[in-house]
Amino acid sequence: MYQTHKSYTIDEALSKLQKYCAYQDRCHKEVEQKLKQMRMIPEAIEIIIVALIEDNHLNEERFAKAFVRGKFSIKKWGKVRLTLELKQRQLSKYIIKIALQEIDPSDYLQTFHALAEKKAATLSETDPWKKKKKLADYLLYRGWESQLVYDKVNVLIN
């Protein structure tokens, strides 16, 4: 059997996307993907995105700032991971730079030290080299700068 897909007018799609953006800040890439899933043609996608930007439902700078604040405070991601994730969402270097300024430098270091110490305390590895590697891998995966990571690992594990 044929599977029928609902087709949307531009106004219906715009209304649906306004709700989608009101629920949570979105980047242009997410909105574009959503419209493609709705089987909208490229011309309609462009019209809808422009309308969302004009009525401030879609604002990449606001999205980037909220993303950085959330992922830093909840998931304890470092600037390397945050930058990578924002680049994957096709945000400009300028917007990424502005968003990263949302993080207070003293909070950044405090969070890093607390995370490193908490993780080091949970590692049951007896071999100091393996323990250092596990801690370093964990912190690097979270997106913390390698210089910070290796300095901290050497301080925590002898």
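A single member of LEU109, LEU123, LEU156 is of a type outside the set (Gly, Ala, Ser) and at pLDDT 95 or above, and it is LEU109.
Quick check on my filter: what residues within segment 1-38 are within 26 Å of the chain's Cα centre (by Cα) and not in a helix (DSSP H, G or I)?
Within segment 1-38, GLN24, ASP25, ARG26, CYS27, MET38 qualify.
Condition test on PHE67, is it among the aromatic types (Phe, Trp, Tyr), closer than 18 Å to TYR138 by Cα and in contact with a helix residue (DSSP H, G or I) (Cβ under 8 Å, 6 or more places away or on another chain)? Here the answer is no, as PHE67 does not meet what is asked. State whether one or more residues within segment 79-90 are more than 30 Å from ILE157 (Cβ to Cβ), at pLDDT 95 or above and touching an Asp or Glu at 6+ places or on another chain (Cβ under 6 Å). No - not one qualifying residue is present in segment 79-90. Taking the conditions exactly as written (surrounded by fewer than 18 Cβ atoms within 10 Å (Cβ to Cβ) and either closer than 30 Å to LYS119 by Cβ or not assigned by TED's automatic domain parsing to the domain that holds GLN110 (or both)), does GLY78 satisfy them or not? It is false that GLY78 is surrounded by fewer than 18 Cβ atoms within 10 Å (Cβ to Cβ) and either closer than 30 Å to LYS119 by Cβ or not assigned by TED's automatic domain parsing to the domain that holds GLN110 (or both). Applying the set (1) in a loop (DSSP other than H, G, I, E, B); (2) over 22 Å from LYS29 (Cβ atoms); (3) under 18 Å from the mean Cα position of the chain (by Cα); (4) of a type outside the set (A, V, I, L, M) to GLN90 leaves exactly one unmet item: (2). Of all positions in segment 120-129, at least one carries a residue that is in contact (Cβ under 8 Å) with a residue 12 or more places away in the chain and buried (at least 17 other Cβ atoms within 10 Å of the Cβ).
The values are calculated or read from the model by the stated rules, or taken from the named source; none is laboratory data. Keep in mind the model is a prediction, meaning the values are calculated, not measured. For neighbour counting, all protein chains shown are included, and Cβ atoms are generated from backbone atoms with ideal geometry for every residue, glycine included.
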